[in-house]
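Here the structure comes first, spelled out in structure tokens, and everything after it is commentary.
Derivation of every value follows stated rules applied to the coordinates shown; laboratory data play no part. Bear in mind that the values here come from a model prediction, so they are computed numbers and not experimental data. With ideal geometry, Cβ positions are generated from the backbone for all residues, glycine too; neighbour counts draw on all protein chains shown.
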Amino acid sequence: MKPFVRFEDVALSYRDDGEFAIEDVTLSIAPNEFVAVVGPSGCGKSTMMKLCSGLRKPTRGRVEVAGGAVAGPLKIVGMAFQNPTLLPWRTTLDNVLLPLEVVEPYRRTFAAKKRGEYSDRAMALLKTVGLAEHADKFPWQLSGGMQQRASICRALIHEPQLLMLDEPFAALDAFTREELWCVLRDLWAAKPFTVILVTHDLREAVFLADTVFVMSARPGRILARKPIELARPRDLEVTYSDGFIKLVHDLRERIGTVRKAHGSVRKPAEPAR
Amino acid sequence: MSWLKSTRAAPWLMTAGLLVLWQAVCSAFSIDEFIFPSPIQVWHALIEYAGPIRQHSLQTLLTTVAGFGIGVVFGLALGVAVGSSPWLYSATYPLLVAFNSIPKVAFVPILIVWFGIGTIPAILTAFLISFFPIVVNVATGLATLEPELEDVLRALGASRLDILKKVGLPRSMPFFFASLKVSITLAFVGSVISETVASNLGIGYLMMSASSSNRMALVFAGLVVVSILAMLMYVVFAWLEMRITGWAHRRGH
């Protein structure tokens, strides 16, 4: 199958002096594949998001999305971050509708006739994440988990082909986080799209993804590609199974070696005290 | 009794207490009206000169509002420009700070040379003194936009203008209104200073001429009128702020 996202020997430096945020990244992601990217802090995971969405151009190499080289903002992507970044002067519903006021082809028809139609669509989406009753509330009236659900709805309202999530659940408590894993799983199962999930949470990565990429510390490189062959649909119960735990353990080990290698460079043979 | 202890009563009680203290000091030491008039003497002056006070305070109000109006338009425009361009921000910020540290009263002689004695220097002084807080606040509101939010919109193909309209401006409205409250009171300072130095109209002029003819009670009456005008305008903008940017205050759903 033709890949939906392809990185070919990509490197990106934010400055001119040549220190790379990511380096030698080559990977491909199939259409409607759910990919998770894990790695230590500062490994350039967010840089990958900027490259995929066309917010940044690679310093070296080539990034292709949907069959063409990325040359600018793509419009077929949706994004959500750790911080829900909802607009405090808009209700939940109006927050979700924001992308439709901006992105073509919705933008042209938004003001005139289609607002009602789009509202219905947003309401349907809010309903699937359990926020229908909160559509008229303002962000500060919602809990952190609800805000994050709204943020994900905003990322999906224009039916993007590629959803990019940058640690979307990192600021939530453990129970809410697991609840939102299931929300995301169901949204993806109902209407597949390609997902790139950047996360620190290995259980989250294994539970949700088809494939997990492990990245090294800066400059970020792909250390491993790990297909997750757990049967779908996955239930939260699966996170307690031996197979799941073994997968998480494997990934943990790889990241562990990354850190050890990193540490030994900085502190050579310090005598024990 | 409970009303007296409430925070709503507090400002009135404090004001009344200060007036009583003021009157008591003046009566106890029998201070001469030409040095320090008591509240009652000021009140008499207010009534006796009600006509001229009305005329001059109206002039001051119009002057101030005109200068403030120009300040709002100019401040908003400059604030948007400075806040949405990091280059302009770095380029103009030191200049703005330097400009703001000049005592505005120093401009009045220059303005008089350029525009003559009267209303125009007063309007311009009010403008010069009032636009700075607006520029700074609007620029800050725009410059502190969350980069993630900008990314979300830019990835959708939003132009800079889109981002400004949908996110930047609404987001900086609380900053803008907060600065209006500061600016309107500053505008009064500017217009009254200019009237004091060079005008034959306005509360500043009235106070100047009253003091030169030793009518100290009338000078104080002028002070009272200016502070009441400034407070009323402050209340207007505080009310507008609550109406328009209530979402930023989270009180009352």
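General remarks:
- Label-point separation in nm, residue A:16 to residue B:2, each point 7 Å along Cα→Cβ: 7.1
- GNM flexibility winner over chain A from A:240, A:106, A:14 (Cα, springs under 10 Å): A:240
- When the P(r) is computed for the range B:73-113, the part past 16 Å accounts for 50% of the Cα-Cα pairs.
- Share of Cα-Cα pairs in the range A:13-111 lying beyond 20 Å, as whole percent: 52
- Alpha-carbon centroid distance for the pair the range B:89-143 / the range A:193-218, whole angstrom: 54
- Choice from A:53, A:151, A:241 with maximal GNM fluctuation in chain A (Cα, 10 Å cutoff): A:241
- P(r), alpha carbons of the range B:136-253 - 10 Å bins starting at zero, rounded %: 12, 28, 22, 17, 12, 6, 2, 0
- Nearest-0.05 FRET efficiency for residue B:81 and residue B:54, computed from C-beta distance (R0 45 Å): 0.65
- Taking the C-alpha atoms of the protein assembly as shown, convex hull volume expressed per residue in Å³: 270
- Diffusion coefficient of the range B:145-204 by Stokes-Einstein, Kirkwood radius over Cα pairs, 20 °C, 1.002 mPa s: 147 µm²/s.
- By the combined test of axial Cα extent (at least 15 Å) and Kyte-Doolittle hydropathy (mean at least -0.5), the qualifying DSSP H helices of chain A come to A:92-102, A:144-156, A:174-190, A:242-266.
- Distance histogram for the range B:15-163 (every C-alpha pair counted, 10 angstrom bins, percent rounded to whole numbers): 10, 22, 21, 21, 15, 8, 3, 0
- Put a dot 7 Å past the Cα of residue B:160, heading toward its Cβ, do the same for residue A:62, and the two dots end up 3.2 nm apart.
- GNM flexibility winner over chain A from A:52, A:153, A:182 (Cα, springs under 10 Å): A:182
- Using the Cα coordinates of the range B:1-88, the gyration tensor eigenvalues translate into equivalent-ellipsoid semi-axes of 41, 24, 14 Å, sorted from longest to shortest.
- Chain A - Debye-derived log10 I(q)/I(0), Cα point model, q = 0.07, 0.16 Å⁻¹: -0.27, -1.28
- Our compactness index for the range A:86-160, the C-alpha radius of gyration over the empirical 2.2 N^0.38 Å, is 1.01.
- P(r) weight above 26 Å for the range B:53-245, C-alpha pairs, percent: 40
- Extending 7 Å from the Cα toward the beta-carbon at both residue B:22 and residue B:240 defines two label points whose distance is 2.9 nm.
- Calculated FRET value between residue B:249 and residue A:128, using beta carbons and R₀ = 51 Å, to 0.05: 0.95
- With contributions of -39500 (n - 2.57) from each DSSP H run of at least four residues, the per-residue ellipticity at 222 nm computed over chain A stands at -11500 deg cm²/dmol.
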